[in-house]
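One structure is given below, encoded as structure tokens.
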Amino acid sequence: MATNKNDGFDPEEINALKEECRQEGKSFVYVEDDDLDVLESGECVHIQFPGVYEEQEVIYDALVYTLRLHHSSLVYEMAVGQVQKTFPTYVPPEDRQPNYTITPEMEEEAETALTEIIEEIEETETVKVQEHVEVDPDFDYGISLDVCLNVEEVTDEVIENFIRDFKGNTLSLDNTLYSFMSEDEN
């Protein structure tokens, strides 16, 4: 592992993070992340915390999100893939380039199909998810963690409990498979 190139293993960076955590009165700090608009929802947070990986101090860079958010993301991706089989030129709004064009009629048809496919996937419980923690040691800053927890909201308490259990090697993940229904936004 090329730890000499990864600033997340740098003792000065680690000590600076420890000091920032101490000032915040928490075992972690939130990371500003303009790419993740879901961070405002309470269902997903980007954090960093100091820890140990393979007997070496390191900064963990973690994305912590709810099982419901993970499920809805997978359902949406699956539905978009199915819509694109019928409407090959359809690009979801979040992936559109500035020069992308679509007729209003085709967009309406594709969006209607997308909604129907999402409902079908949810009703048939095609997608099931479970809690998980994925560790990526080949990250550009420290060690990356992808953390999916079965909680309603990712709060400071949820994060503190996760970090305590993760660092203490007492983390117990729920391996039950779950499926969710969208909440109507009426």
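The values are calculated or read from the model by the stated rules, or taken from the named source; none is laboratory data. Because the structure is a prediction, the values reported are computed rather than measured. Here Cβ is always computed from backbone atoms with ideal geometry, including for glycine, and neighbour counts include all displayed protein chains. To get the accessible areas, we keep the full protein, side chains included, count just its heavy atoms, and leave off ligands, DNA and RNA. Shrake-Rupley method; radii C 1.70, N 1.55, O 1.52, S 1.80 Å.
Couple of notes before you dig in:
- Loop-located GluC sites (Glu not before Pro) in segment 50-83, at most 13 other Cβ atoms within 10 Å (DSSP): GLU54, GLU55
- Proximal charge balance of GLU19 [Cβ under 12 Å; K/R count +1, D/E count -1]: -2
- Rounded to 5, the percent of DSSP beta bridges in segment 42-186 classed as antiparallel: 70
- At 1.567 mPa s and 4 °C, Stokes diffusion of the chain via Kirkwood alpha-carbon radius, µm² per second: 69
- For segment 1-101, alpha-carbon Rg relative to the globular expectation (2.2 N^0.38 Å, N residues): 1.49
- Order of exposure, largest accessible area first, which applies to ILE118, ILE47 with probe 1.4 Å: ILE118, ILE47
- Using 0.36 nm per residue and subtracting the Cα-Cα separation, the extra length available between SER41 and THR170 on full extension is 43.6 nm.
- You can think of it this way: the chain between TYR100 and GLU123 has 5.0 nm of extra reach, that is 0.36 nm per residue less the Cα-Cα gap.
- GNM flexibility winner over the chain from VAL29, VAL52, VAL154 (Cα, springs under 10 Å): VAL52
- Förster radius 30 Å - calculated FRET efficiency between TYR30 and GLU55, Cβ distance, rounded to 0.05: 0.60
- Ranked by the mean number of other Cβ atoms within 10 Å of their residues, highest first, the peptides 95-103, 171-179 come out as 171-179, 95-103.
- Helix axis angle, 156-167 relative to the chain longest principal axis, alpha carbon, degrees: 60
- Candidates LYS18, LYS167, LYS85, ranked by Gaussian network fluctuation over the chain, Cα under 10 Å, top entry: LYS85
- Loop GluC sites (Glu not before Pro), segment 116-186 (other Cβ atoms within 10 Å of the site Cβ: 13 or fewer; DSSP): GLU125, GLU152, GLU153, GLU183, GLU185
- Accessible-area composition of the chain, carbon plus sulfur, in percent [1.4 Å probe]: 45
- For the chain: accessible area per residue (Å², 1.4 Å): 63
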